[in-house]
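Chemist: Below is one structure. I have some questions about it.
All of the numbers you see were taken from the coordinates with simple rules; none came from a lab. In this text the structure is predicted, and so the values were computed from the model without any measurement. Here Cβ is always computed from backbone atoms with ideal geometry, including for glycine, and neighbour counts include all displayed protein chains.
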Amino acid sequence: SRLVVLVSGSGTNLQALLDAAADPAYGARVVAVGSDRDDIEGLRRADRLGVETFVHRVGDYESRAEWDVALAATVASYAPDLVVCAGFMKLLGPAFLAEHAGRTLNTHPALSPSFPGMHGPADALEYGVKVTGCTLFVVDGGVDTGPIVDQRTVRVHDDDTAETLHERIKVEERKMLVETVGRMARRGWTVEGRRVLIGAGTA
Ligand code: GRF
């Protein structure tokens, strides 16, 4: 399978996919890495391995809608089987979803439907949950609301800060991403309503 990965920051989730894809048996390879901003570690991780990169800055376009159309077209040019948002900090718009919905995944550092949005770990800590975690889901038009593919749990420690909690979540998140994207790539998957089915019996 051909993966396009979208990043906006450090790209440790991307790095986990790049490392896994080095094994031909993994069944997927990262054909391109895209971002909404320049000069981030995530793009440098791709450069180091000779993986093609592209950047679409919202500010370079007349409107958000035009950015959305441009991003959708660039991603389509790589003929992806899966698009993985791994720390991508922009909401994908209607043009992108028209082109790529159903094959676009996102990972969120909380147990959906709890704590959607930009501050999942901080919101979980604030609420006082004892268990949080991360969610892999199929992107739809909402904020972290799409059909859930996989989830992992992480216990909250009494002395956690939002940062220490997020780093511990990211350990589980990288494992979830590598294991489940690999299974989807090797075995195929379908979405029926809000249920995502991987492997045997899928179309
Ligand atoms: C991940 O926890 C992702 O779920 C969240 O931001 C973090 C990105 O981390 N949206 P990295 O850039 O993959 O290191």
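Chemist: 222 nm [θ] for the chain, helices only, -39500 (n - 2.57) per DSSP H run of 4+, per residue, to 500?
Modeler: On the way: 6 runs with 72 residues, N = 203.
Value at 222 nm, helices only: -11000 deg cm²/dmol.
Chemist: Which trypsin sites (Lys or Arg not before Pro) does the range 137-203 hold that lie in a coil by DSSP with at most 16 other beta carbons within 10 Å? Could the numbers behind the result be given before it?
Modeler: Details: sites: R152, R155, R168, K170, R174, K175, R183, R186, R187, R194, R195; in loops: R194.
In loop regions of the range 137-203 (DSSP not H, G, I, E or B), the sparsely surrounded trypsin sites (Lys or Arg not before Pro) are R194.
Chemist: Next question, about the same structure. Using a Cα-Cα cut-off of under 28 Å, which lysines could be cross-linked to K130, ignoring same-chain neighbours fewer than 8 residues away?
Modeler: K170, K175
Chemist: Enter the Cα centre distance for the pair the range 53-70 and the range 99-115, rounded to the nearest angstrom.
Modeler: Spelled out, the Cα-based centre of one part sits 21 Å from the other.
Chemist: Using Cα springs under 10 Å in a Gaussian network model of the chain, which residue among A110, A25, A185 shows the largest mean-square fluctuation?
Modeler: Comparing A110, A25, A185 in the GNM, the peak value goes to A25.
Chemist: Among S112, S10, S77, what is the fewest-to-most ranking by other Cβ atoms within 10 Å?
Modeler: Values: S112 19, S10 15, S77 11.
By the 10 Å Cβ count, ascending, the order reads S77, S10, S112.
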